[in-house]
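Any read-out appearing in this document is the output of simple, stated calculations on the displayed coordinates, not a laboratory observation. This is a predicted model, so every value here is computed, not measured. Cβ coordinates were reconstructed from backbone atoms using ideal geometry, including for glycine residues, and neighbour counts include every protein chain displayed.
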Amino acid sequence: MKVLVVGGGGREHALCWKISRSPLVEKTYCAPGNAGISRHAECLDIGVGDFGSLAQFVKKESVDLTVVGPEQPLCEGITDFFEKEGLLIFGPSKAAAELEGSKTFSKNLMRKYGIPTGEYFVFTDMEQALAKAGKIEPPFVVKADGLAAGKGVIICHSREEGEDAVRSMMERGAFGEAGAKVVIEEFLTGEEASFFAFTDGENVLPLEPSQDHKPIFDGDKGPNTGGMGAYTPAPVVTEKLRQRIIDEVMIPTVQAMKSEGKPYRGILYAGLMIKDEDLKVLEFNCRFGDPEAQPLLMRMESDLVPILYSIAKGEMSTDPMEWRDGFCVCVVMASRGYPGSYDKGVELKKLKGFTDTGETVVFHAGTAFSGDKLVTNGGRVLGVTSFGETIEESIRSAYEAVGSISDGNLIYRTDIGKKALLRIGC
Ligand code: AMP
Ligand code: GLY
């Protein structure tokens, strides 16, 4: 079987790594891919938004299945485009991807179907949004309705910050059309977790719980990023909570999407806030998480390919997946300056000397070749991912690898996995 992965970050590297290990797969392609992905897949010089060229390639090479990594092409309708061409693709339709593409759509869906989430208000009129931001008790959250590359969420600690957030979106157009509508939301406290489930629009096949680390600095300080590290399983999700997430969030959401005439086929990602055994949905995403996909796919023992293939065909099996017993931790190494501005093209001298082992894999995100040099090419650069029988062991191996790659040019958090350690220890 031939498989094409669309995207070029750490998540897509983990997907290509996992897919290329399947005995069913003879050839893996990735568009556009990155320097690390080229070890597992043939990288194509086609952008994720160029649906016509992607479909043309798939037809020419008789690719059996296309797997979409990022949200942008899904929200722009890559699945609808491929299906019209009679091509098999993994990922929700444009209508179903609205669950991530419009915060208003997903909040309204949750309200209508009783899926637990924070209180919120939607505005298309700036004066009304300003009036609300000037009235409610801080902290609260202002969100651009549409996709904003992970930057459209502003946590406001004062009314002035709230008014400025509203103006930045609705007056100054910080996120273009995505900010023409805003959601003002209750600020939720607790510990975050990421929960994923495969679905064919009808049935739900849950993955193991995981946890991301959004802020740039240790101790969850500083601005939010795309994610600075992740691990699985996440002890904050107890067995009881896991079942409640499936029963109260994942199944009702899949059923709600079906009732709305927008059946959701793909992987459903719920970003959750957990407090005192209580749970609320912060957001839904229509794809694998990044970096969560890196530790999840490394720990997953089941063959991923039959699952993706059967969902694309609309007939998923609900046989539980198999997972390695133990923990997997991913530490993200990023360009100095990220999530603000940073240089590209910085040589990764020490990476060349590092070889992946059975228990540690360095997934690449923003990397490229410059001649025969390996250089940085983005904000998040590497996801150093290690498996261990215990959380301590996986953290130790990941940081040992980070230490051997680190040359002062990349930044990383030193406390990835600490929350899990504290929970297990207590
Ligand atoms: P989202 O893109 O909606 O997941 O937001 C990105 C991040 O912002 C989340 O992972 C949380 O850390 C934070 N966030 C979003 N909404 C809220 C909320 N209502 N209360 C507290 N934090 C939030
Ligand atoms: N881990 C955050 C995201 O994938 O959106």
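For region 1-26 and region 346-365, what is the separation of their Cα centres, given in Å?
Here the answer is 18 Å between Cα centres.
Specify whether the C-alpha gyration tensor of region 77-162 places it in the rounded, prolate or oblate class, a ≥ b ≥ c being the square roots of the eigenvalues: rounded for a/c under 1.5, otherwise prolate if a/b is larger than b/c and oblate if not.
prolate
What residue among 61, 292, 208 has the largest mean-square fluctuation in a Gaussian network model of the chain, using Cα springs under 10 Å?
61
Apply the Karplus curve 6.51 cos²θ - 1.76 cosθ + 1.60, θ = phi - 60°, to the phi angles in region 293-299 and return the couplings in whole Hz, x for Gly and Pro.
Once rounded to whole Hz, the list reads 4, 5, x, 5, 6, 6, 8.
Output the direction-averaged projected area (hull surface divided by four) of the convex hull of the alpha-carbon atoms of the chain, in nm².
Computed as one quarter of the Cα hull surface, the answer is 19.6 nm².
What shape does region 258-298 take by its C-alpha gyration tensor, where a ≥ b ≥ c are the square roots of the eigenvalues and a/c under 1.5 counts as rounded, a/b above b/c as prolate, and the rest as oblate?
oblate
Starting from one equal scatterer on each C-alpha and no solvent at all, send me the Debye-based log10 I(q)/I(0) for region 1-71 at q = 0.14, 0.20, 0.21 Å⁻¹, two decimals.
Evaluating at q = 0.14, 0.20, 0.21 Å⁻¹ gives log10 I(q)/I(0) of -0.33, -0.70, -0.78.
Which of the lysines could be linked to residue 60 by a straight reach, that is with a Cα gap under 26 Å, when you skip same-chain ones fewer than 8 residues away?
By straight Cα distance, residue 60 reaches 2, 18, 27, 84, 94, 313.
Can you give me the Cα centroid spacing of region 375-426 and region 59-135 in angstrom?
31
From the square roots a ≥ b ≥ c of the eigenvalues of the alpha-carbon gyration tensor of region 156-232, which class results: rounded (a/c under 1.5), prolate (a/b over b/c), or oblate?
Judged from the Cα gyration tensor, region 156-232 comes out oblate (a/c at least 1.5, b/c at or above a/b).
For n ≥ 4 DSSP H runs only, could you compute -39500 (n - 2.57) per run for the chain, divide by its residues and tell me the 222 nm figure to the nearest 500?
-8000 deg cm²/dmol
Run the count for region 170-287, please: Lys pairs, Cα-Cα under 20 angstrom, 8 or more apart or on different chains.
Close lysine pairs under the 20 Å cut-off: 5.
Mind giving me the FRET efficiency for residue 400 and residue 135? R0 is 56 Å, r the Cβ-Cβ distance, nearest 0.05 is fine.
Working: r = 52 Å, r/R0 = 0.93.
Given R0 = 56 Å and the Cβ-Cβ separation, E is 0.60.
Any idea what diffusion coefficient region 201-297 gets from Stokes-Einstein, in µm²/s, Kirkwood Rh on alpha carbon pairs, 37 °C, 0.692 mPa s?
Calculated translational D: 228 µm²/s.
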